[in-house]
Amino acid sequence: MCLFAFFVSLVFAVLLRDDPREQLRTGGLMFGGLVCAALLLGWLAYPLPL
Amino acid sequence: MTTKSTAAVRARATAEPGTLVLLCVAAWAIPGAGHLWLGRRQKGLVFLLALPAMFLTGLFLNGQLSPFELSDPLVALAAFAQAGMGLPWLLARMVGAGAGMVTSVTWEYGNCFTIVGGLLNFLVVLDAFDIAMGRK
């Protein structure tokens with residue numbers, strides 16, 4: 001999941017921003033957002049019977 | 001180092017229909033080639049390394065290269081998305097990689113990597129097209 005989030009945030013950050021510092025910031029935010037959202041959704045789905 | 005103005009001049013020069021088609025085909029076949037062509041070296045190198053690495057990770061995780069089976073629309077869509085990777089996808093199909101192993105616990109993860117990698121390359125091709133048209 002972290003590897004997937006890394007690749008996706010890397011490509012999107014480089015696509016969306018031109019300045020390397022902004023790319024790093026956007027990529028970091030996106031990576032953190034993806035990982036945190038996945039963990040949060042995982043915890044929310046925990047009580048659901050599957 | 002290439003400046004933005006130099007890149008813009010080069011972009012205007014490539015805004016001819018024939019060159020644009022060639023640029024898009026190159027950008028599809030080799031991820032990042034379109035950006036390298038247009039002088040966006042940093043972006044091109046990142047795409048050149050990251051996208052094939054993502055695709056290879058998917059294959060390594062027992063991902064499956066879907067066939068173009070129109071009777072099963074979701075499988076056909078997955079195949080279309082994976083084909084977005086270009087030459088790495090073609091090579092993988094030619095050498096018989098990506099047979100996939102449904103029983104593997106990482107099968108779905110592998111599919112996810114190969115599908116999203118292909119879709120991201122489509123976005124990269126569109127970005128190269130926009131740059132060549134002088135929109136960025």
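The values are calculated or read from the model by the stated rules, or taken from the named source; none is laboratory data. Here the structure is a predicted model, which means the values were calculated and not measured. All Cβ positions, glycine included, derive from the backbone under ideal geometry; neighbour counts span all protein chains shown.
Apart from one condition, B:Gly98 fits all of (1) closer than 16 Å to A:Val8 by Cα; (2) crowded, with 20+ Cβ neighbours inside 10 Å; the exception is (1). The one condition from (1) in contact with a helix residue (DSSP H, G or I) (Cβ under 7 Å, 6 or more places away or on another chain); (2) within 14 Å of another protein chain (Cβ to nearest Cβ); (3) of a type in the set (A, V, I, L, M, F, W, C) that B:Leu56 does not meet is (1). Looking across the stretch B:69-90, the residues that are in a loop (DSSP other than H, G, I, E, B) and either without any contact (Cβ under 8 Å) to a residue 12 or more places away in the chain or in contact with a Cys (Cβ under 7 Å, 6 or more places away or on another chain) (or both) come down to B:Glu69, B:Leu70, B:Ser71, B:Asp72.
When restricted to residues that are more than 10 Å from every other protein chain (Cβ to nearest Cβ), surrounded by fewer than 18 Cβ atoms within 10 Å (Cβ to Cβ) and in contact (Cβ under 8 Å) with a residue 12 or more places away in the chain, the stretch A:1-24 contains 1.
Under the condition of being within 16 Å of the chain's Cα centre (by Cα) and not in a helix (DSSP H, G or I), which residue from the stretch B:23-44 is farthest from the other protein chains (Cβ to nearest Cβ)?
So the first thing to find is which residues in the stretch B:23-44 are within 16 Å of the chain's Cα centre (by Cα), and the list is B:23-37, B:43-44.
Right, trim to not in a helix (DSSP H, G or I) and you get B:30-32.
On the way: B:Ile30: 15, B:Pro31: 9, B:Gly32: 10 Å.
Restricting to residues being within 16 Å of the chain's Cα centre (by Cα) and not in a helix (DSSP H, G or I), the top hit is B:Ile30.
Of all the criteria given as (1) over 20 Å from B:Cys24 (Cα atoms); (2) of a type outside the set (A, V, I, L, M); (3) within 14 Å of chain A (Cβ to nearest Cβ), the one not satisfied by B:Phe47 is (1).
Taking the residues in the stretch B:98-113 that are among the hydroxyl-bearing types (Ser, Thr, Tyr) and over 16 Å from A:Met1 (Cβ atoms) as candidates, determine which candidate is farthest from the other protein chains (Cβ to nearest Cβ). If we take residues in the stretch B:98-113 being among the hydroxyl-bearing types (Ser, Thr, Tyr) and over 16 Å from A:Met1 (Cβ atoms), then B:Thr103 is farthest from the other protein chains (Cβ to nearest Cβ). Being surrounded by 14 or more Cβ atoms within 10 Å (Cβ to Cβ) and modelled with pLDDT of 95 or more is the requirement here; does B:Ala50 meet it? Yes.
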